[in-house]
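Down below is the structure, laid out as structure tokens.
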Amino acid sequence: MNKKIKAVMMAGGFGTRIQPLTHSMPKPMLPICNIPMMEHTMRKLVDIGITEIVVLLYFKPEIIKNHFGDGSRIGVKLEYVLPEEDLGTAGAVGAAREFLDTTFIIVSGDLVSDFDFEKIIDHHYKTESKLTITLTSVENPLQFGVVIADENGKIEKFLEKPSWGEVFSDTINTGIYVIEPEILDYIPTEDNFDFAKDLFPLLMSEGIDLMSYDARGYWRDVGNPDSYREVYGDIFKQKIKVAFPGKKIEYPDGVLYLGEESEIDPSVEIIDTVIIGSHVQIGKNVRLHNVSIGDNVVIQPETKIRNSVLWHDIIIGKKCVFDNSIICNDTHIDDMVTAKAGVILAEGCDVGKLAVFDQDITVWPHKTIEAASIVNKNVIWGNKYKNSIFEDGRVTGKSNVEISCEMACQLAEAFAAHLPLGSTVIVGRDHSKSARMLKRAFLGGLLSGGVNIVDLKAMPPAVLRHNLGIKKELVAGIYFRQNVFDPTGVEFTFFSEEGLRIDGNMAKSVEKAFFQQDYRRVDYDKIGRIEENYIHHLNECITYKKAVKEAIDHKIIKKNGFRVAIDLMYGGTKDIFPEIISELQIENIILNSYTDYHKMANMAHVEKKSKDDISAIVKNLKFNIGFLMYPNGQQLGIVGDDGEVLGRIKGLFVVLSLLNLEAKEKEKKLNVFLPTWAPDLTDELFENLVIERGKYANFKADKVKKYDLVATIDGNFAFTEFSLHRDAMYASLKIMEMLSRHQVTISDISKQFERFYYNHIEVECSQAQKGKMMKRFFQEAKDKKSCTTDGVKIWENETDWILMIPDQVRDLLHLYVQAKDKNSGEALAARYEANIKEWM
């Protein structure tokens, strides 16, 4: 290969079909013999002389960036491209056009192959092609694009993922392309655009020949857990040769590739091929037969493992038996555990002594298998669902995986059993497909329990909760939404007749009915009914808008010529907030007041762009304020009149400062409730506020009404003069009203804010260790000022403190640190992180 060409590596997929292996890493980073899958391919590209690779990212991009850095470790220059939304396969390549000024080869990061890339490129030049598609033959072409080429290699026909009735060839598109840069002119810059569905038909219609190269050798698309297993089977059978890290050591019955600083007892039996990473300890009389083992793994005596893959940071006890298994990171397995016919243990699992797994069991992340359990079905609900489905009145999980339609229906039946027969609940959702699907399944369960339903369809939760709180005929509410920052996650929130989340007692009662399947299934003539016509949707909106107009002094906002820029971030507030602010006659610019599923799938980039856009508008057009209204309609980001995007602590400071001015004008103290972890260094500035910190749990309406503001440090504000719950729409208007009334600006208030150190740190800690950590913190708090309202809070002096709260669900401890300055804050955090490590 004489000409300089570049490579493009596709590494942005979600890896949905291969879950739970991709729970916390992108699919291209799955280890193949202790080296990420895409690194094997990268090294093959480097071996043929490619010096520049463009990596297309999307899902968990930081993991890939952190591993490869600038590429110098493997002898290549890397450029990373992260589209702001899902642009499709060709669209993602188009987003990298600034780096693609010469011929380039495209390779997927989630395949394993020994194809000769140099021969593919040479064939491309030989045929003077503008675009060459690499083909190969497979036994089952159904999941791939089937292709027919003529005797000269010109593509004549192709079909994406056919049925058996449509299969016209066993020759498939491998997704490896060689392309000339002028082809990029046919790819739009912002639209979702796919190679097979869009680009190839377009090029053929334009008379551009698509040429093929028929590759021979090994090729496997690693699309699901079975194919991941099969890759290892093929490696152990020597159907494909890959690079094995480590020192090669011959044994009587096999070969061991041993990493650095690993200790292998002389009695260990090595059969066929065994790969062992660094810092591994293998005990006496262990038998390993076709096994790949990662770093920091301990295998205790007399354990037998065959045809299996172990990732990193794993402990396996004595006398265990594993065959055809995948064991992911941070898993602990006690003695005498047996899985003779295939098991997948996802990351962070704890398996008790004498547990037995039946054939082909999958255990999802962070699950606990109790001692002596016989596991005969997949374990999706784990620790947090063993004793509790609910967390703070919510049920959360992976859509269609942890929360299926069947589960949604059964949960609704359990909830309906605790509501009066013939009563009415109100339900709503966001615009996501997951929320729509699961809401429909849920409604069936309510109806079967004799409960009537007012279905608002797509509606901000603030509107649902407002109407629930004022309409006596409604006894409860449920809202369904997609996780803002994880499009695979979904959340059901259950509300009482007051519009507040259901309390712990109600949640436990529903859980009990769910697990015991103690449902109330009524006779046919008592089945509930659904009211879902547009009039209901309209009436609830009108009721909410009327209440807002009556509560907000919009005349003072208008009188002051207030101008505001708001990004609705594609969320549900688009259906109501633009009308409210226009009817209040407040001059405004509103961005992204429509639904876009592709962009919402990458909310981190939406958030960044929103901050940049609103900041620029406010600063350049001299607006008074800007807001980011997150899709859930509850969280609010604030941009000052000088274009500063306020951090979470400064945002809270501004709102408290405005409320302090309100209290001063009214000549009375106003009450504020904040979480225990909220900073308190600025409290002395708010002489007209009574600020209480505590744990917000099981609050009833009477208690919430004692406060004028209930807030968090994450942009959630509940002004109880209007509602008892978080409402970003009302909060934005209230902030504008207070700014107008007191003739102040955000920038004026910000100048009073003295910077201090505040940080939230997550420290890994197993469920079993959490009690011990609480005890240690209690001991540490002895003879110091401390508080145990929520976790353990320890003051080092008048200003500096640390708060430790165990996570209710995940294997984590939350550390919140406040200090007068950065140096003392970082030192305090480091000391307690070191203590926790020592205590464990």
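The values are calculated or read from the model by the stated rules, or taken from the named source; none is laboratory data. All figures in this text were calculated on a predicted structure; none of them were measured in a lab. Every residue, glycine among them, receives a Cβ derived from its backbone with ideal geometry; neighbour counts consider all protein chains shown. Calculation scope for accessible area: heavy atoms of the full protein, side chains included, ligands and nucleic acids excluded. Shrake-Rupley method; radii C 1.70, N 1.55, O 1.52, S 1.80 Å.
FRET efficiency for the pair residue 527 and residue 16, taken as 1/(1 + (r/R0)^6) with r the Cβ-Cβ distance and R0 = 35 Å, rounds to 0.45. Highest mean packing first, where packing is the average number of other Cβ atoms within 10 Å per residue, the peptides 568-578, 699-709, 283-293 line up as 568-578, 283-293, 699-709. Once the C-beta distance of residue 807 and residue 517 is scaled by a Förster radius of 30 Å, the resulting FRET efficiency is 0.55 to the nearest 0.05. With each label modelled as a point 7 angstrom along the Cα→C-beta vector, the residue 240-residue 687 pair spans 7.3 nm. Against the main long axis of the alpha-carbon atoms of the chain, helix 225-236 sits at an angle near 30°. If R0 equals 56 Å, the separation of the Cβ atoms of residue 47 and residue 782 corresponds to a calculated FRET efficiency of about 0.35.
Converting the Cα gyration tensor eigenvalues of the stretch 244-375 into ellipsoid dimensions via √(5λ) gives semi-axes, longest first, of 24, 14, 13 Å.
Here's the list of lysines a cross-link from residue 822 could span, going by alpha-carbon distance under 21 Å and ignoring same-chain residues fewer than 8 apart: 650, 751, 793. Once both labels are positioned 7 Å from their Cα atoms along Cα-to-Cβ, the gap between residue 340 and residue 281 label points is 3.0 nm. Projecting the Cα positions of 183, 562, 500 onto the charge dipole of the chain (unit charges on Cβ atoms of Lys, Arg, Asp and Glu, taken about the Cα centre) puts 500 furthest along the positive direction.
Rounded to the nearest 10 degrees, the angle from helix 767-780 to the longest Cα principal axis of the chain is 50 degrees. Each peptide in 194-202, 492-500 receives the mean, over its residues, of other Cβ atoms within 10 Å, and ordering these scores from highest gives 492-500, 194-202. Per-peptide packing, taken as the mean over residues of other Cβ atoms within 10 Å, places 518-530, 626-638, 347-359 in the sequence 626-638, 347-359, 518-530 from highest down. Along the charge dipole of the stretch 521-586, pointing to its positive end and built from +1/-1 on Cβ of Lys, Arg, Asp and Glu, which listed residue (578, 527, 542) has its Cα farthest out? The residue sitting farthest along the positive end of the dipole is 578. For the pair residue 65 and residue 486 in one chain, pulling the backbone fully straight at 0.36 nm per residue adds 149.6 nm over the alpha carbon distance. Values of log10 I(q)/I(0) for the stretch 413-522 across q = 0.20 Å⁻¹ run -1.09, by the Debye formula with one identical scatterer at each alpha carbon and no solvent. Treating the chain as a set of equal point scatterers at the Cα positions, no solvent, please give the Debye-formula log₁₀ I(q)/I(0) at q = 0.10, 0.11 Å⁻¹. Each listed q corresponds, in turn, to -1.29, -1.44.
With protein chains left intact and a 1.4 Å probe, residues in the stretch 552-751 average 39 Å² of accessible area per residue. Holding the Cα-Cα limit at 19 Å, pick out from 546/734; 60/398; 433/546; 785/837; 664/700; 439/700 the pairs that are longer than that. In this structure, 433/546; 785/837; 664/700; 439/700 exceed 19 Å between Cα atoms. Loop-located GluC sites (Glu not before Pro) in the stretch 650-706 (DSSP state not H, G, I, E or B) with no more than 16 neighbouring Cβ atoms inside 10 Å: 667, 687. Counting every Cα pair in the stretch 757-839, what percent are over 19 Å apart? When all Cα pairs of the stretch 757-839 are counted, 31 percent exceed 19 Å. Taking the Cα atoms only, what angle lies between the long axis of helix 433-448 and the longest principal axis of the chain, rounded to 10 degrees? Rounded to the nearest ten degrees, it is 70. One decimal place: the segment residue 202-residue 406 gains 69.2 nm when fully extended, by the rule 0.36 nm per residue minus the C-alpha distance. Mind checking the log10 I(q)/I(0) for the stretch 190-243 at q = 0.13, 0.16, 0.32 Å⁻¹? Debye, one equal scatterer per Cα, no solvent, two decimals. So the normalised log intensities are -0.60, -0.73, -1.21. When the solvent-accessible area of the chain is split by element, carbon and sulfur atoms take up 46 percent of it, the probe being 1.4 Å.
A straight Cα-to-Cα reach below 18 Å connects residue 318 with the aspartates and glutamates 263, 265, 269, 302, 330, 334, 335, 350, 370, residues fewer than 8 places away in its own chain not being considered. Residues of the stretch 576-595 falling in the label zone of residue 559, defined by backbone nitrogen less than 16 Å from a point 7 Å along Cα to beta-carbon, are 585-586. Strictly greater than 24 Å: what percent of every Cα pair in the stretch 552-751 meets that? Across the stretch 552-751, Cα pairs with separations above 24 Å total 38 percent. Between residue 392 and residue 116, the modelled label-to-label distance comes to 6.0 nm, taking each label 7 Å out from Cα in the direction of the beta carbon. Partner aspartates and glutamates whose Cα lies under 14 Å from the Cα of residue 619, excluding those fewer than 8 positions away in the same chain, are identified as 641, 642, 644.
Computed from backbone phi with θ = phi - 60° and the Karplus coefficients 6.51, -1.76 and 1.60, the 3J(HN,Hα) list for the stretch 58-67 is 6, 8, 6, x, 5, 5, 5, 4, 5, 6 Hz; x is used for glycine and proline. Evaluated over the Cα positions of the stretch 474-590, the convex hull gives a direction-averaged projected area, one quarter of its surface, of 11.1 nm². Full extension of the chain between residue 433 and residue 128 gives 105.3 nm of extra length, using 0.36 nm per residue less the Cα-Cα distance.
Relative to the Cα centre, the charge distribution of the chain, modelled as +1 at Lys and Arg Cβ and -1 at Asp and Glu Cβ, gives a dipole magnitude of about 2160 debye. Along the charge dipole of the stretch 413-522, Cβ charges K/R +1 and D/E -1, which of 488, 477, 419 sits furthest on the positive end? Of 488, 477, 419, it is 488.
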